[in-house]
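Read-outs: derived from the displayed coordinates by stated rules, not from any lab. Computed from a prediction, not measured in an experiment: that's the story for all the values here. Cβ coordinates were reconstructed from backbone atoms using ideal geometry, including for glycine residues, and neighbour counts include every protein chain displayed.
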Amino acid sequence: MNPETVAAQADDPLRRLLDPAYPLCRDDVKAALGFIKTKVAEGAPEWSGLDRPQLLAHFVCFAEMALLLVHRRNPSDKETACFRLMLSELMPKKPLR
């Protein structure tokens, strides 16, 4: 990872979750789920433009990650990939602040 990427990820903790080399931890998943919940409640354009199948697929991923928090600490590779894909599709392109 180059120094610019490291600096950007330090400034934006949710973006570091998109890096496959970064291991997900419980607090990161909680923060990301909280971010998604807030954006959905606000009617963010990242969510309002989704068609029904996409919305349902993201809901399934969100629910699976939430249940993992209840039942165990670490998601599987498949669950991690699903979560990272959802985040990459739904996070605004500009830095979060």
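Through the Karplus equation 6.51 cos²θ - 1.76 cosθ + 1.60, θ set to phi - 60°, convert the phi angles of segment 32-49 into ³J(HN,Hα) values in whole Hz; use x for Gly and Pro.
These are the phi-based 3J(HN,Hα) values: 5, 5, x, 4, 4, 4, 5, 5, 5, 4, 7, x, 4, x, 4, 9, 5, x Hz.
Report the gain in length on full extension from SER48 to LEU18: 0.36 nm times residue separation, minus Cα-Cα distance, nm rounded to one decimal. Before the final figure, lay out the partial values.
Values: separation 30, 0.36 × 30 = 10.80 nm, distance 2.19 nm.
Stretched out fully, the SER48 to LEU18 stretch lengthens by 8.6 nm.
Using packing as a proxy for protection, rank 40-48, 27-35 so that the peptide with the highest average count of other Cβ atoms within 10 Å comes first.
Working: 40-48: 12.3, 27-35: 15.4.
Sorting 40-48, 27-35 by mean packing, highest first, produces 27-35, 40-48.
Could you give me the ³J(HN,Hα) list for segment 63-72, computed from phi with Karplus coefficients 6.51, -1.76, 1.60 and θ = phi - 60°, whole Hz, x at Gly and Pro?
So the J values, rounded to whole Hz, are 5, 4, 5, 4, 5, 4, 5, 6, 9, 7.
What is the percent of Cα-Cα separations in segment 3-90 that go past 19 Å? Please report the intermediate quantities before stating the final value.
Values: 1452 of 3828 pairs.
Counting pairs separated by more than 19 Å, the tail of P(r) holds 38 percent.
Under a point spin-label approximation (7 Å from Cα along Cα-to-Cβ), what is the LEU69-LEU55 distance to one decimal in nm?
The answer from the label model is 2.2 nm.
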